[in-house]
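Below is one structure; the comments refer to it alone.
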């Protein structure tokens, strides 16, 4: 299992009329968590594409526990619980500044060969970086 945490500050434009972070913005927060987790492993989406692999989203789930508000610093805890195959599942826990759990979610992304547009194995470089967390 591999877990990585990053922080993001809620921008005013991300809130709705009630003053809560609009629910659709959580997908973007999940993406920030994924991107920063990959970066922590020395990998980026751009590198995946250089290796001939794209990673489309195939499923997303979200549970809203407490609202987040403008200017709060949110901690995004991103976890990969299982060694990836043709798909990778990211689990998310979002915490407010008081360390209260405010949201949980998950996304499933597929590894797709760019040229053939068919599922493929993750790039070896990526697997070499993440595999040792599952031994």
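Tallying residues that are under 14 Å from residue 76 (Cα atoms), touching a residue at least 24 places away in the same chain (Cβ under 8 Å), touching a helix residue (DSSP H, G or I) at 6+ places or on another chain (Cβ under 9 Å) and surrounded by fewer than 15 Cβ atoms within 10 Å (Cβ to Cβ) within the stretch 1-58 yields 1.
One residue alone among 89, 80 is crowded, with 17+ Cβ neighbours inside 10 Å, at pLDDT 95 or above and either closer than 26 Å to residue 26 by Cβ or in contact with a helix residue (DSSP H, G or I) (Cβ under 8 Å, 6 or more places away or on another chain) (or both), and that residue is 80.
For the stretch 22-30, indicate whether the set of residues that are under 14 Å from the mean Cα position of the chain (by Cα) and either over 26 Å from residue 126 (Cα atoms) or part of a strand (DSSP E or B) (or both) is non-empty. Yes, there is a match, as at least one residue in the stretch 22-30 is under 14 Å from the mean Cα position of the chain (by Cα) and either over 26 Å from residue 126 (Cα atoms) or part of a strand (DSSP E or B) (or both). Any residue in the stretch 94-106 that is touching a helix residue (DSSP H, G or I) at 6+ places or on another chain (Cβ under 9 Å), within 17 Å of residue 48 (Cβ to Cβ), surrounded by 13 or more Cβ atoms within 10 Å (Cβ to Cβ) and touching a residue at least 60 places away in the same chain (Cβ under 8 Å)? No: the stretch 94-106 contains no residue that is touching a helix residue (DSSP H, G or I) at 6+ places or on another chain (Cβ under 9 Å), within 17 Å of residue 48 (Cβ to Cβ), surrounded by 13 or more Cβ atoms within 10 Å (Cβ to Cβ) and touching a residue at least 60 places away in the same chain (Cβ under 8 Å).
The values are calculated or read from the model by the stated rules, or taken from the named source; none is laboratory data. Just so we're clear, the structure is a prediction, and the values are computed from it rather than from any experiment. When we count neighbours, we look across all protein chains shown, and the Cβ atoms used for this are built from the backbone with ideal geometry, even at glycine.
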